[in-house]
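Data block below; observations after.
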Amino acid sequence: MAKTVIGVLGLPIRKNKQEDKEFLLTQRFAPKFKRVHLKWQLAGGGLEFGETPQQTVVREFEEELNVTPKILDPRPYIITNTWNNGTQDFAQPVHFIGICYLLDIGDQKVTITDPDEETSDWGWYSYNQAMQLSCLKGTQDVIKFYAKYGD
């Protein structure tokens, strides 16, 4: 039986000293799932029953990175992906829908709550650097979409 998963993700953005945009990405820690293990991604997680997507992205950033984000644009960018049964790390076909928000975390210090749980690393990356990383599908599409924000 197929399963649909709704995730809510965030892409923090900032300007560095040269006034270039940088994006915060996290590195997935999932050694049991070779397809996603150590890939760069947007931080976030699953939408819980009764929760709004905006509440989800704030909760996930507080839980995983110990920061409270501010949503910069209330209009999310939506990504979607499917994984087929038997060819990936999942027991059943999965249809993932990602609701992605552009965020500001100001000068808050990112701290990974439990590096052995979901996230092993994080970093700020320029657009060009992010395009060179090994990312989960859809991550670079979100960066491309939001790269012009504020121009």
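Going by what's in this entry, would residue 56 be described as in contact with a strand residue (DSSP E or B) (Cβ under 6 Å, 6 or more places away or on another chain) and closer than 13 Å to residue 99 by Cβ? When the stated conditions are applied, residue 56 passes them. Condition test on residue 12, is it surrounded by 14 or more Cβ atoms within 10 Å (Cβ to Cβ), within 24 Å of residue 132 (Cα to Cα) and out of contact with any helix residue (DSSP H, G or I) (no Cβ under 7 Å at 6 or more places or on another chain)? Yes; evaluated as a whole, the condition is true for this residue. The set of residues in the stretch 27-44 being in contact with a Leu (Cβ under 8 Å, 6 or more places away or on another chain) and either over 24 Å from residue 141 (Cβ atoms) or not aliphatic (A, V, I, L, M) (or both) consists of 27, 28, 29, 39, 40, 41, 44.
If you go through the stretch 114-131 one residue at a time, do you hit one that is within 12 Å of residue 8 (Cβ to Cβ) and either within 15 Å of the chain's Cα centre (by Cα) or exposed (fewer than 12 other Cβ atoms within 10 Å of the Cβ) (or both)? No - not one qualifying residue is present in the stretch 114-131. Right, residue 82: at pLDDT 95 or above and β-branched (Val, Ile, Thr) or not? Against the criterion (at pLDDT 95 or above and β-branched (Val, Ile, Thr)), residue 82 does not qualify. Among the strands (runs of 3 or more DSSP E) confined to the stretch 21-137, the ones with at least 3 residues that are under 22 Å from residue 6 (Cβ atoms) and of a type outside the set (A, V, I, L, M) are located at 43-46, 77-83, 94-104.
The values are calculated or read from the model by the stated rules, or taken from the named source; none is laboratory data. Given the structure is predicted, the values throughout are model-derived calculations rather than measurements. Virtual Cβ from ideal backbone geometry, glycine too; neighbours counted across all protein chains shown.
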